[in-house]
Amino acid sequence: MSGTAPPGAPGSGIRFDGVTVAYDGNVVLDSLQLSVEPGEILALLGPSGSGKTTALRAVAGFVRPAAGRVFIGERDVTHLPPHRRGIGMVVQQYALFPHLRVQDNVAFGLRARKVPKAQIAVRVAEALAMTGMESYAKRHPRELSGGQQQRVAIARALAIRPGVLLLDEPLSALDAQLRSGMLAELARLHRELPDITILYVTHDQIEALTLADRIAVMDRARLQDCGTPQDLYRRPRTQFTASFVGNANLLPVRVGSGSVLFGGTELSVATHEVARGAQATLCVRPHLVGLGAGPNALRGRVAEVQWRGATHRLYVDVDGHRVKADVRELRTTPALGDEVTLHFAREDAVLLGAEVSGG
């Protein structure tokens, strides 16, 4: 893919100021307070029904908040129609017009905005070049693969030179290989158009971790957590974040002084943020759990073994809890029922206090 980035609109951030959306009295987005900085990629990550798509549609103008305001840059757009918000949008179904050729699909938004014909031709060519689709300009959508259709949808969104680009599960219809390639292309496009603010809705943690500058974690209509991918993965604040951003062992423990008690085993972890004697949850990522003797040893029996190519995932029953360990280069696989020892380093564990909650 090649091409020179067209001059984009001045960078515009997004701000949700206490935005609530309800349908028939059922709150589907509850008092969202969140800012997306100009030029930032922020991923809204959460399960189905968490409120993430509703938040995006509030920015697009497709839903009207019951309370609160939506800002794009310094403009209050809460009551503006979608076509006056200066946004581009790509949805998971791509929504291309089947009877129009690629170049006409890309030109559609420009014509709706009554851009002069000569400028339309130039901006369509630029957008197609950026997405590597210039040689497909004369084709119809039915003649394209899913990945190619998605590139056309992105080209159409970029052609209007938006300050804000909204992406709603744009890769969900693609297979794993195409999804990986498109993530790289989206990252490259953002490097070429650094002024565009991107709000990216997904339920796929890998997409969020790979692409986003920050991730806002949603659940049950509320914002649960927000931070950089590294912070949310390495030092989650809540059990929900720990379980949804990556994979985690979440073990119930009682806090001591510089240690915790898990079942009958004392484990050395940092406890300065949780009161002594409190019930808490210990979070350890499976890839940080080793097999064999080491610090913070846990004895248990193998309940399941999964081969995952570069790693084996071991499920080990320890004191009535199943602990996961992702072990590389396991030449001899333990048999089901074998007694094994797992271990993890003190600095690789995060203690989540019962009083910590999102919102």
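Of note:
- Among the numbered conditions (1) buried (at least 21 other Cβ atoms within 10 Å of the Cβ); (2) modelled with pLDDT under 95, the only one that A216 does not meet is (2).
- Leading residue by the ranking (farthest from L32 (Cα to Cα)) among those in region 61-85 that are of a type in the set (A, V, I, L, M) and not in a strand (DSSP E or B): L80
- Pairs are defined by a Cβ separation below 8 Å, a sequence spacing of at least 6 or placement on different chains, a first member in region 324-338 that is more than 18 Å from R285 (Cα to Cα) and assigned by TED's automatic domain parsing to the domain that holds G292, and a second member that is surrounded by 10 or more Cβ atoms within 10 Å (Cβ to Cβ) and aromatic (F, W, Y); the pairs so defined are T333/W307.
- Among the residues making up region 135-160, those that are surrounded by 19 or more Cβ atoms within 10 Å (Cβ to Cβ) and either outside the structural domain of D195 (by TED's automatic domain parsing) or of a type in the set (K, R) (or both) are R151, R156.
- All told, M89 meets the bar of being at pLDDT 90 or above, among the aliphatic types (A, V, I, L, M), under 26 Å from the mean Cα position of the chain (by Cα) and surrounded by 23 or more Cβ atoms within 10 Å (Cβ to Cβ).
- With respect to being outside any helix (DSSP H, G or I), in contact with a helix residue (DSSP H, G or I) (Cβ under 7 Å, 6 or more places away or on another chain) and either over 30 Å from A22 (Cβ atoms) or not hydroxyl-bearing (S, T, Y) (or both), L158 falls outside the description.
- Residue check, A55 part of a helix (DSSP H, G or I), modelled with pLDDT of 95 or more, in the same structural domain as G163 (by TED's automatic domain parsing) and buried (at least 16 other Cβ atoms within 10 Å of the Cβ): yes
- Residues satisfying the stated conditions in region 165-185, i.e. at pLDDT 90 or above, touching a helix residue (DSSP H, G or I) at 6+ places or on another chain (Cβ under 7 Å) and not acidic (D, E): L165, L166
- Here T332 fulfils each of the conditions (1) crowded, with 17+ Cβ neighbours inside 10 Å; (2) more than 26 Å from T241 (Cα to Cα); (3) of a type in the set (S, T, N, Q) apart from (1).
- Inspection of region 238-253 finds no residue satisfying the criterion of being farther than 25 Å from Y315 by Cα and not in a loop (DSSP other than H, G, I, E, B).
- Single residue of region 126-141 satisfying the filter (out of contact with any Ser or Thr (no Cβ under 9 Å at 6 or more places or on another chain) and under 20 Å from I87 (Cα atoms)) that is modelled with the lowest pLDDT: T131
- Just so you know, in region 261-318 the residues that are in contact (Cβ under 8 Å) with a residue 60 or more places away in the chain and surrounded by fewer than 19 Cβ atoms within 10 Å (Cβ to Cβ) include one that is nearest to L251 (Cα to Cα), and it is Q279.
Every residue, every condition in (1) of a type in the set (K, R); (2) in contact (Cβ under 8 Å) with a residue 60 or more places away in the chain; (3) closer than 30 Å to L342 by Cα, yes or no:
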{"residue": "R188", "(1), (2), (3)": "yes, yes, no"}
{"residue": "E192", "(1), (2), (3)": "no, yes, no"}
{"residue": "I198", "(1), (2), (3)": "no, yes, no"}
{"residue": "D213", "(1), (2), (3)": "no, yes, no"}
{"residue": "P236", "(1), (2), (3)": "no, yes, yes"}
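- In region 230-249, of all residues being buried (at least 16 other Cβ atoms within 10 Å of the Cβ) and farther than 18 Å from E347 by Cβ, the one that is nearest to the chain's Cα centre (by Cα) corresponds to V245.
The values are calculated or read from the model by the stated rules, or taken from the named source; none is laboratory data. In this text, all values refer to a predicted model and were calculated from it rather than measured experimentally. For neighbour counting, all protein chains shown are included, and Cβ atoms are generated from backbone atoms with ideal geometry for every residue, glycine included.
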